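Here the structure is laid out as structure tokens; the discussion comes afterwards.
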Amino acid sequence: MSILDRYEMVCGVETHVELATKTKIFCNCSTEFGGEQNTHVCPVCMALPGALPVLNRDVVNLAIKAGLALNCEIAEFSKFDRKNYFYPDSPKNYQISQFDLPICKSGWVEIEIEGEKKKIGITRAHMEDDAGKLVHSGETISTSNESSVDYNRTGVPLLEIVSEPDMRSIPEVLAFLEELVKIMQYTEVSDCRMEQGSVRFDINVSLRPRGQKEFGTRTESKNLNSFSSVRRCLEYEISRQAELLDDGEEVIQETLTWDEGRGITLSLRSKEEAHDYRYFPEPDLPPLIIDREWVENVRKTLPELPAARRERLKSLDLSDYDAGVITSDKALSDFFDEALKGYTDAKNLANWIMGEYTRLLNAQGLSVEESPVKPLQLAALLGLIDKGAISGKIGKAVIEEMFASGKDPDVIIQEKGLAQISDEGALLKIVDDVIAKNPQSVEDYKAGKKQAIGFLVGQTMKATKGQANPGVVNNLLRERLDQQ
Amino acid sequence: MEITSQSIGELHELLVTKRISAVELAQTMLQRIKHIDPEVQAFLQVTEDVALGRAAQVDEKIARGEEIGALEGIPMALKDNLCTEGIRTTCSSKMLENFVPPYSATAVEKLKSAGAILLGKLNMDEFAMGSSTENSGFFATHNPWDLERVPGGSSGGSAAAVAAEEAVYTLGSDTGGSIRQPSSFCGVVGLKPTYGAVSRYGLIAYASSLDQIGPITKTVEDNARVLREIVGHDHRDSTSVPFEIPNYAEFLNKDIKGLRIGVPKEYFAKGLDEGVKTVLHEALATLEGLGAIVEECSLPHTEYAMPAYYLIATAEASSNLARYDGVRYGYRAENTEDVLSLFKKTRSEAFGSEVKARIMLGTYALSAGYYDAYYLKAQKVRTLIQNDFNQAFDRFDVLLSPTAPTTAFKIGEKSGDPLTMYLSDVCTVPINLAGIPSLSLPAGFVDGMPVGMQLMGRPFAEGTLYRVAHAFEQNTDFHTRKPSLIKGGAR
């Protein structure tokens with residue numbers, strides 16, 4: 001009997017996403033990733049004496065946008081609070097966050113697992129500033145002889161999105177997180193670049209015996225930065241907690257850290273050791289009043305969200321699976337929509353994008369944004385195939401060439417002489433030649449083996465190096481053979 | 001009259017008529033500081049080169065026949081919690097003993113562009129925590145009226161420097177009385193503007209929701225001139241308020257006939273020195289004689305102001321002062337084992353005991369389980385106190401009280417007993433909680449020591465305070481009296 005037959009898992013996630021503003025949340029320093037150490041800093045984000053924070057309005061715009069996309073209420077009155085704790089990556093030794101009055105609350109995200117739809121509640125989302133980055137000489141701060149701090153990231157705006165404990169399986173958690181990240185990317189609230197740490201997850205999970213109403217004791221695993229870490233961490237935590245419960249022991253409520261290398265969770269601090277953050281209202285910032293007009297103005301900037309886009313694609317005759325693959329990445333989905341402006345067969349377009357296009361993109365190790373083939377070029381190629389200007393087979397050769405040179409498909413067809421031969425006069429000569437050279441097949445055909453025509457079509461195609469229009473060849477062969 | 005005794009307006013006249021150059025004026029002040037400051041010890045640092053350099057620029061401007069502004073060429077000095085670009089700013093703390101800010105406070109920048117001549121940085125209680133300037137991390141400042149007495153605090157250096165005529169005017173900061181109480185003790189004019197009137201950008205924070213920068217001057221008119229230059233909305237301080245800046249001088253030389261003055265009885269309660277009380281009653285009689293209508297009133301929640309203040313101010317301070325950790329700037333302890341010991345040792349070694357006491361008090365007030373009983377309760381008291389004032393201002397144009405319950409006390413007299421020390425701010429603290437403007441001006445003397453009276457006004461009604469203060473000043477001579485130290489020269 002597996003663990004989840006005996007126990008039900010209960011999971012909620014706190015997600016920190018970096019907001020895609022040009023400047024930091026409380027000063028004008030750049031948020032650009034990867035600058036030389038301590039070059040994107042000023043008296044405010046370095047917490048020099050007397051420096052004061054000023055809220056970046058763009059941060060609020062993005063937080064409202066995220067809130068709307070997550071079906072949240074946008075608070076008319078919210079405020080900032082100080083979260084006090086000492087750590088060398090935090091120059092003020094407090095974080096400016098939102099405690100009891102966050103900007104967004106009471107929303108939801110819809111996920112779909114094996115055709116079943118489910119809403120995952122969003123408790124709240126609030127704005128806060130990021131800390132700097134510690135660079136240790138050793139592995140951790142306590143085992144290092146020296147550590148230095150890079151404050152470039154200090155003050156980069158974050159949105160912390162807190163979910164309800166609504167998830168009951170690992171696939172649900174992953175579906176939720178994937179959908180959440182997609183929403184952030186579609187709305188351009190965050191680019192959610194996991195490798196740059198611009199999205200991080202804290203996973204709260206507990207088990208309870210099937211049928212029990214009360215939640216079990218949970219643990220919180222901090223700072224996971226990829227879906228695969230989330231999956232592995234949950235698998236580990238569930239089996240660890242199940243073992244404890246099976247043995248009649250108790251799960252300790254604690255904060256954990258995920259050791260990616262060893263694939264285990266380690267205790268960071270217990271409930272008793274939890275910080276007292278001594279939250280109090282930030283006296284340097286007045287309360288944030290958001291009138292309804294502001295919210296409506298932001299609402300106007302909301303793009304089509306991934307769920308809506310999936311539905312639209314399905315209405316264009318795409319399968320659930322195809323619609324899911326195309327919309328899994330905003331750039332790919334945008335590519336699809338752009339190509340659709342020059343080509344109407346959505347299903348065929350999806351097949352090409354998911355097939356040849358993605359294969360060639362991956363082979364070159366490129367992202368959609370870096371694609372040498374532009375959407376309208378792909379659309380033009382498919383149009384040429386449909387028109388009969390080239391065969392589908394030649395089309396695959398042409399797209400390879402498009403990836404190599406970036407040239408338009410008609411230019412490539414012209415240059416390489418790949419145009420399909422549909423002219424009956426030109427093909428008739430070749431057809432007659434093939435008939436003359438293959439008397440056995442001709443006899444077979446006449447004897448009633450109609451499939452023998454396939455061989456003759458193949459020979460004709462071969463003779464034209466694939467450029468002959470196979471439909472025209474087929475018709476010509478039948479005509480000639482039936483005449484004989 | 002001696003140059004150093006002149007008002008801003010008189011000095012401006014001397015400059016534009018070329019009877020004195022800005023460099024000569026600066027030199028005169030620098031001479032005065034050299035002569036008298038070894039006794040008063042108001043200055044932490046004298047910026048002679050900066051002063052003479054700037055003065056020379058003003059002289060060039062005058063020589064070119066250009067007009068100069070009201071404060072141009074006038075020598076002044078700053079409390080050392082105001083950041084000055086390239087000039088050491090210590091907050092009178094070992095923590096920032098060698099801290100040189102890369103930027104200037106907005107108020108400082110404004111004065112600089114108004115052509116002010118910076119003479120130096122002034123002593124204060126460490127991080128503005130104190131009422132006597134004895135809590136300076138470096139040395140105590142002495143009251144020019146009696147060198148054995150304190151100048152008050154925390155802007156003790158700022159008030160003493162003006163009283164000793166070592167600077168024409170100074171800037172101080174006021175969180176619970178830190179401009180007004182020393183102004184009272186030193187017999188000068190000090191204003192705490194409305195919260196939000198002067199940008200706090202570059203003012204090293206003690207308690208963010210209470211701190212305000214304000215001018216300390218010899219006369220009411222000087223005060224109005226300086227205030228006009230430093231007020232105004234600043235996008236770098238989100239708590240600064242956009243408002244139309246009045247020409248405060250227009251409020252001077254106006255009569256006060258029919259003006260309603262409320263006298264809150266709670267400010268005349270026990271603990272008030274009899275001599276001070278007498279002075280205040282005489283002052284009220286003077287104002288009545290000038291046509292003002294004086295009536296007693298009540299601010300019923302006054303007694304809760306002091307505890308509320310010490311919870312709110314210390315809570316904010318405990319967080320504001322967290323940044324002094326030895327990592328990026330300021331003092332850093334040596335021979336530390338790890339990052340935690342670096343924090344602990346740095347802060348233990350570089351903060352003085354009053355600062356530590358207030359950080360601990362504030363940390364406690366914000367701690368889980370105590371927040372509601374202390375910090376939150378104090379915020380509620382704050383609202384009640386604001387309501388008290390709002391109601392009083394429905395009936396009165398200004399309120400009047402003593403600035404401090406006593407005159408300046410002896411150095412060392414209260415330094416062992418912080419609670420008694422705190423009581424010297426009993427009349428000033430409620431005003432900061434309410435955020436309203438308040439001005440202290442000389443109202444008389446007790447045993448040769450100056451007594452200040454405190455005027456309180458509606459938000460942004462600094463002009464009304466100047467109107468009343470100027471009328472009183474023009475009809476009394478307290479502001480013209482000088483400490484014997486000045487009259488007879490240094491001992």
If you average the sequence gap of Cα pairs under 8 Å that are 6 or more apart and divide by the length of chain B, what percent do you get for the contact order? 17
With θ set to phi - 60° and the Karplus curve 6.51 cos²θ - 1.76 cosθ + 1.60, what are the ³J(HN,Hα) couplings of the range A:246-259 in order, to the nearest whole Hz, using x for Gly and Pro? 4, 7, x, 8, 9, 7, 8, 6, 8, 9, 10, 10, 8, 8
Stretched fully, the stretch from A:SER137 through A:ALA331 gains (0.36 nm per residue minus C-alpha distance, one decimal, in nm) 65.9 nm
A student applying the Cα gyration tensor rule (rounded when a/c is under 1.5; otherwise prolate if a/b is larger than b/c, oblate if not) would label the range A:153-204 prolate
Please express the Cα-Cα pair-distance distribution P(r) of the range A:9-62 as a list of whole percents, one per 5 Å bin, running from 0 to the bin with the greatest distance. 4, 17, 22, 20, 16, 9, 5, 4, 3, 1
Over the range A:183-310 - Rg/Rh using Cα atoms and the Kirkwood inverse-distance radius: 1.08
At a Cα cut-off below 24 Å, give the lysines reachable from B:LYS265, other chains included and same-chain residues fewer than 8 away excluded. B:LYS192, B:LYS257, B:LYS277, B:LYS380
Please report A:PHE176, B:PHE268, A:PHE77 as a ranked list, fewest other C-beta atoms within 10 angstrom at the top and most at the bottom. A:PHE77, B:PHE268, A:PHE176
Taking the 0 to 90 degree range and rounding to the nearest ten, how far is the long axis of helix A:470-483 tilted relative to the main principal axis of chain A, both from C-alpha atoms? 20
Counting only residues 5 or more places away or on other chains, whose amide H sits under 5 Å from the amide H of B:ARG149 once H atoms are built in the peptide plane? B:ASN143, B:ILE411
If N is the residue count of the range A:62-109, its Cα Rg over 2.2 N^0.38 Å rounds to 1.40
Environment charge of B:ASN253, counting only residues whose C-beta is closer than 13 Å and scoring Lys/Arg +1, Asp/Glu -1: -2
Taking H placed 1.01 Å from N in the peptide plane, check which residues at least 5 places from B:HIS233 or on another chain put their amide H under 5 Å from its amide H. B:PHE243
Sum up the charges of everything whose Cβ sits under 9 Å from the Cβ of A:SER30, counting Lys and Arg as +1 and Asp and Glu as -1, but leave A:SER30 out. +1
Expressed in Å to one decimal, the Kirkwood Rh of the range B:267-389 from all distinct alpha-carbon pairs is 18.1
Taking every eigenvalue of the Cα gyration tensor of the protein assembly as shown, multiplying by 5 and rooting it, what semi-axes result, largest first, whole Å? 76, 32, 25
Can you grab the distance from the C-alpha centre of the range B:432-468 to the C-alpha centre of the range B:162-189, Å, no decimals? 12
What list of ³J(HN,Hα) couplings, whole Hz, do you get for the range B:9-14 from phi and the Karplus terms 6.51, -1.76, 1.60, once you set θ to phi - 60° and write x for glycine and proline? x, 5, 5, 4, 4, 4
Once both label points are put 7 Å beyond Cα along the C-beta direction, the A:ASN348-A:THR301 separation in nm becomes 4.0
Please state the equivalent ellipsoid semi-axes for the range B:316-373: what are the square roots of 5 times the Cα gyration tensor eigenvalues, largest first, in whole Å? 24, 12, 10
5 angstrom amide H check on B:ILE293, placed H, neighbours 5+ away: B:GLY258, B:LEU259, B:ARG260, B:ILE261
Once normalised by the length of the range B:132-221, the mean sequence separation of its alpha carbon contacts under 8 Å that are 6 or more apart gives a contact order in percent of 27
Translational diffusion coefficient of chain B at 4 °C, 1.567 mPa s, Stokes-Einstein with Kirkwood Rh over Cα pairs, in µm²/s as a whole number. 58
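Over the range A:1-156, what per residue volume does the convex hull of the Cα atoms give, in whole Å³?
Convex hull volume per residue, Cα atoms: 186 Å³.
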Taking a quarter of the surface of the Cα convex hull of chain A, what do you get in nm²? 32.5
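Could you line up A:ARG359, A:ARG82 from fewest to most neighbouring Cβ atoms inside 10 Å?
In increasing order of surrounding Cβ atoms, one gets A:ARG359, A:ARG82.
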Shape verdict for the range A:291-415, please, from the Cα gyration tensor: rounded (a/c under 1.5), prolate (a/b greater than b/c) or oblate. prolate
Which distance in nm do the two modelled labels at A:GLU400 and B:HIS35 give, with both placed 7 Å along the Cα-to-Cβ direction? 9.8
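Give me the tail of P(r) for the range B:1-123 as a percent: Cα-Cα pairs with distance above 18 Å.
So the pairs more than 18 Å apart make up 52 percent of the total in the range B:1-123.
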How would you classify the range A:228-273 from its alpha-carbon gyration tensor, with a ≥ b ≥ c the square roots of the eigenvalues: rounded for a/c under 1.5, else prolate if a/b is greater than b/c, otherwise oblate? oblate
Fewest-first ranking of A:ILE111, B:ILE117, using other Cβ atoms within 10 Å as the exposure measure: A:ILE111, B:ILE117
Percentage, to the nearest whole number, of Cα pairs in the range B:334-434 over 22 Å apart: 56
Two-decimal Rg to Rh for the range A:94-177 - Kirkwood Rh, Cα set: 1.16
Reduced to Cα centres, the span from the range B:66-121 to the range A:214-278 in Å works out to 54
Quick one: what are the phi-derived ³J(HN,Hα) couplings along the range B:432-441, Karplus 6.51/-1.76/1.60 with θ = phi - 60°, whole Hz, x for glycine and proline? 5, 4, 7, x, 8, x, 7, 10, 10, 9
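Every number in this text was worked out from the coordinates using simple rules, so none of it is lab data. Model, not experiment: these values are computed from the prediction. Neighbour counts are summed over all protein chains in view; Cβ atoms, including those assigned to glycine, are modelled from backbone coordinates with ideal geometry.
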